Amino acid sequence: MKFINKNLIKQLIKITLEASKIISDKNKIDVLYNKNPIKEIVTNKDLEVNKFLTMGLKKTRIPVLSEESRPFNLIYNKKKIWALDPIDGTVNYISNSPNFGISIGLINDKNFIFGIVCLPAHNQLYFNTSDKKCYLNGISLKHNHKKISESLVAVSLGSFPSDKEMLLFKNINSLSLGCLRTGCTSMNICWTVINRFQVSYGFNVKIWDVAGALAIAKSSGCKVIINKKNNSNTLDFIAGSNNSVKEILKESKKLGLWKI
Amino acid sequence: MKKNVVIIGAGAIGRGYLPLVLNNNKYNFVFIDRNLKILNLLKKKKYYFSYKIKNHLYLKKKIIIKSAFHINQLTRLKLKNLSLCFVCIGPRNIKDIIFFLKKINAPIIVCENDPETVNEIKKKIKNKKVFFAVPDVITSNTSPRKLLKKNKLSIVSEDGELYVEKGPKIYGEIKFLSKKDLLKIQWTAKLYLHNTPHCIAAYLGSIINVKYIHNAMKNQFVRKIVEGSMNEMLKTLKLNWDISHNFLEWYAQKEINRFKNKLLFDPISRVAREPLRKLEINGRLIGAAQLCLYNGVFPNNILKGIVSAFMFENQHDADNHIELLQNSMTPEHFNQYILGLRSGEPLDLLLKDKLNQIRNEIILLRKFKKNEIY
């Protein structure tokens, strides 16, 4: 099923790559302020890219929900919205780690249906064109499912993870080939699609961090389960190989982290 | 008692060439494919004819079909008395058959246009009995109307050679080479003196809207570019490789004659398919141009081939979104994200500089009417 027309995809690719140019110019990066908690940093580049992409997306007449724009509640209840993270992994970005990206997702009736994620330092551009077709740099992608014992797991944790979340991390680390925390959720999910990881999960992650990447993951054949929270801009997710998702869900439920 | 040979991929090489060179008295042929049209015919017919062109004539060989299966049936398929398994399904599809290959104890012969697929399979199935093969041949995936009338599965190959890495025991007209010689001589020659000009002929043929490679080669402008790209590669290989120059020249001439062969009916759609795969960084177009530049040879004609690949349009092709990518990216981003070139490297600069000029030259080719260009 196609959700989005060709011309719109062309426009989105264009503006995302233009935005990647802004990020790639690493001159004059200023940390403007720290949000609460202190680990959440905002740079001038976040705001610059946010402004550039928001302007580009405005042409679609679909409201834009962004990490750098507010308020959440007024926007999230609309039928269609763009969820935008201008720089996912800002701490990595200012620390000269290549693990950061631009993430744009289209949410329709609270379902993630389209995504475009650009990882400029890795020269990677991911997008989907339907619920069954997604691409990395133009090459069609299909996730290759593996068991949890053969899986490398990418984990997204908030700034102050709970004891239960840390215990889950420990348990999954034992069940799998190992757990990693990269600091860029959209990259975790996209690398799960291409089997650099086999599964990724996160608790209390922001919608704009994952909206695009989860749409791409679904269209690659990854199993995706989401625990949306009412009137909140956060959610829990597990995405990747069938068996690995099942096992992580089982462990999460045991610890009372997944209540559905 | 005959043994079973399973052939995964019943296309040009799988259905056409392999049964031609394998000994029918020793083997039964089991075909696996995902093309329902071909599968239904394979299941319905008990046999078909594979034709070899020799001395400008078609020589036919009757191929008995033991059975045929869809790729989705592989999970349940158990093959007894299996002697060999040939893989010629296309490098992109290897991942879909790994689970089946894991169950096989017989030698697996990989006839893909990419030696890396052998390592990929070996790594994933943990079986050392995986061997690379280079079919030095052009096989069409169809045949002229008169042959199709006799049997819809009829298929035409040239009189080629099948080179297989030493190791497995195979009955048939096979030439065995050490892995080193196979890669150094046969694969190098095939990649750069066959694959490169062959796909350029196909992309240009698509621009002038003809159906077969030999039709494209009748056009003097196409022929000039194809022969030019062959010469660029020939010059580069002579500079860079320790391979007999006589062999390289013989190989190049043989290939040009193959492309012109009127009996082969080699479809443009087959040769030009999946342009993004053909534009891979180490492949027959970008890799070839890089190699030329590295050796100081200006790849004027190969650049035309690359740009004509960008312009390939076929709505049924798996890479038909190449047009979308072209139109949504600046040449700089296209080179960086799609071709994998580093910003500022010679080929990146050349493509950015010459893209519009070459594109306009190629568009001019479209203006010729088919009958005027021969």
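Throughout, read-outs are computed from the coordinates displayed, never taken from laboratory work. The structure presented is a predicted model; accordingly, all values stated were derived computationally and were not measured. Here the Cβ positions follow ideal geometry from the backbone for every residue, glycine too, while neighbour counts run over all protein chains shown.
A crude spin-label estimate for the pair A:ASN242 and B:LYS146, with each label 7 Å from Cα along the Cβ direction, gives 5.2 nm.
Other chains' Cβ within 10 Å of A:17-23 residues: what's the mean?
Neighbouring Cβ atoms belonging to other protein chains average 2 per residue here.
Computed from point charges on the beta carbon alone (+1 for Lys and Arg, -1 for Asp and Glu), the dipole magnitude for the protein assembly as shown about its Cα centre is near 3320 Debye.
Legend: P(r) of segment A:64-158 from all alpha carbon pair distances, 10 Å bins from 0, whole percents, reading 14, 34, 39, 13, 0. Descending by average beta-carbon neighbour count within 10 Å, the peptides B:346-353, A:113-120 line up as A:113-120, B:346-353, the highest first. What is the calculated FRET efficiency for A:LEU32 to B:GLU361, with r their C-beta to C-beta distance and R₀ = 45 Å, to the nearest 0.05? Approximately 0.35, to the nearest 0.05.
Could you give the Stokes-Einstein D for chain B in µm² per second, using the C-alpha Kirkwood radius, 37 °C, 0.692 mPa s? So the translational diffusion coefficient is about 153 µm²/s. Its relative contact order, with pairs defined as Cα atoms under 8 Å and 6+ residues apart, puts chain A at 17 percent.
Over the C-alpha atoms of segment B:216-349, the Rg to Rh ratio, Rh being the Kirkwood estimate, stands at 0.98. Between B:LEU59 and A:LEU8, the distance separating the two model label sites (each 7 Å from Cα on the Cα→Cβ line) works out to 6.0 nm. Across the cross-link table entries A:LYS132/A:LYS229; B:LYS26/B:LYS129; A:LYS6/B:LYS262; B:LYS95/B:LYS352, which are compared at the Cα atoms, the separations over 29 Å belong to A:LYS6/B:LYS262; B:LYS95/B:LYS352. Over segment B:141-271, the ratio between the Cα radius of gyration and 2.2 N^0.38 Å evaluates to 1.17.
With the contact rule set at Cα under 8 Å and sequence spacing of 6 or more, what percent relative contact order holds for chain B? 14 percent. A helix-only calculation puts chain A at -11000 deg cm²/dmol for mean residue ellipticity at 222 nm, using -39500 (n - 2.57) for each DSSP H run of at least four residues, averaged over all residues.
Using 1/(1 + (r/R0)^6) with R0 = 56 angstrom and r between the beta carbons of B:SER343 and B:LYS2, what's the FRET efficiency to the nearest 0.05? With a Förster radius of 56 Å, E is 0.45. Other residues within the sphere of radius under 12 Å centred on the Cβ of B:LYS238, judged by their own Cβ, net out at -2 (K and R +1, D and E -1). Sequence gap at least 6, Cα distance under 8 Å: using those rules, report the relative contact order of segment A:175-260 to the nearest whole percent. Over segment A:175-260, the number comes to 27 percent.
Running Debye on chain A with equal point scatterers at the Cα sites and no solvent, what base-10 log of I(q)/I(0) appears at q = 0.07, 0.08, 0.11, 0.17 Å⁻¹? Values returned for q = 0.07, 0.08, 0.11, 0.17 Å⁻¹ are -0.21, -0.28, -0.54, -1.36.
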